[in-house]
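Below is one structure, written out as structure tokens, with a few remarks after it.
The values are calculated or read from the model by the stated rules, or taken from the named source; none is laboratory data. Every value quoted in this text rests on a predicted model; they were computed, and no experiment measured them. Cβ placement follows ideal geometry from the backbone for every residue including glycine, while neighbour counts extend to all protein chains displayed. Note: accessible area is taken over every heavy atom of the protein model, side chains too, but ligands, DNA and RNA are not part of it. Shrake-Rupley method; radii C 1.70, N 1.55, O 1.52, S 1.80 Å.
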Amino acid sequence: MVNYTAAQELALEKFGANSLEVISHYSKYPLVGNTLSIDFLGGQYILDYPSGIFKTANSFEKELSLPTQILILHYLANIAEVEETGKLISFKELPGGSIYIQPFTHRAIDPLVRFFGDKPDKLKEVVSHLGGYANSLGDVGVTIRAFPRVPVTLILWRGDDEFPASGNILFDSSASLMLPTEDYAVLASAIVARLKGLSSMI
């Protein structure tokens, strides 16, 4: 079982090691007084500094899960100039990703295909509500910025009489400089869950 408490304490320590102004500059999230305004997958949150306490900006927003809070803190703690390459890679091409590709597929790719495989055009519609956009990959491909500096690309291929629908989730080749590999499993899973939830509301 993952010790989220220890992971949260370490993430908070790294978050508090830099000034709020520096964190805002590198994360591209705006300052609001002594807080950061966080837009995560369409949800609006306020993050207090230096406590690292998340508050929902609207009464109807759901509270962030602890793994998601840790994920966001990891992103905010990355104080580095990282240039996107535009080259896409799969999860297994991330450091150590080949070891965890089965759990990643189970947590993110399989749910994506199960839910949107027979209605891929719905994926484009839902992503547009989160500021995402279509690309030319697969039968239907979309890209969404889960964080301002972390684009994530989702691809679907329609099924036919011979083959079932399939899909993949890709990242910019600079991804390993932004977050640890295991965080991309959490992130991809959160994206798919959010898209599924939005789909039922649109």
Q) So which residues in the stretch 19-42 are open to solvent by 40 Å² or more (accessible area, probe 1.4 Å) and either in contact with a strand residue (DSSP E or B) (Cβ under 9 Å, 6 or more places away or on another chain) or at pLDDT below 95 (or both), if there are any at all? A) E21, K28, P30, L31, V32, G33, N34, D39
(Q) From the list L73, L156, exactly one residue is open to solvent by less than 60 Å² (accessible area, probe 1.4 Å), of a type in the set (A, V, I, L, M) and either at pLDDT below 95 or within 17 Å of V186 (Cβ to Cβ) (or both). Which is it? (A) L73
**Q.** Lone unmet requirement of (1) on the phi > 0 side of the Ramachandran plot; (2) surrounded by 12 or more Cβ atoms within 10 Å (Cβ to Cβ) for I53
**A.** (1)
(Q) Just the residues that are among the small types (G, A, S) and surrounded by 17 or more Cβ atoms within 10 Å (Cβ to Cβ), please, taken from the stretch 120-147. (A) G132, G138, G141, A146
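Check every one of the strands (runs of 3 or more DSSP E) wholly within the stretch 1-111 and list those with 1 or more residues that are more than 20 Å from S174 (Cα to Cα).
Filter on the stretch 1-111 gives 35-40, 43-48, 54-56.
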Q.
Quick check on my filter: what residues within the stretch 87-100 are open to solvent by less than 80 Å² (accessible area, probe 1.4 Å), within 17 Å of the chain's Cα centre (by Cα) and not aliphatic (A, V, I, L, M)?
A. S90, F91, G97
Q: Mind telling me which of the residues Y45, Y4 ends up being within 20 Å of A190 (Cα to Cα), modelled with pLDDT of 95 or more and either open to solvent by less than 30 Å² (accessible area, probe 1.4 Å) or not hydrophobic (A, V, I, L, M, F, W, C) (or both)?
A: Y45
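When you go through N34, N78, N18 one by one, which is the residue that is under 26 Å from V127 (Cβ atoms) and not hydrophobic (A, V, I, L, M, F, W, C)?
None of the others qualify; the one that does is N78.
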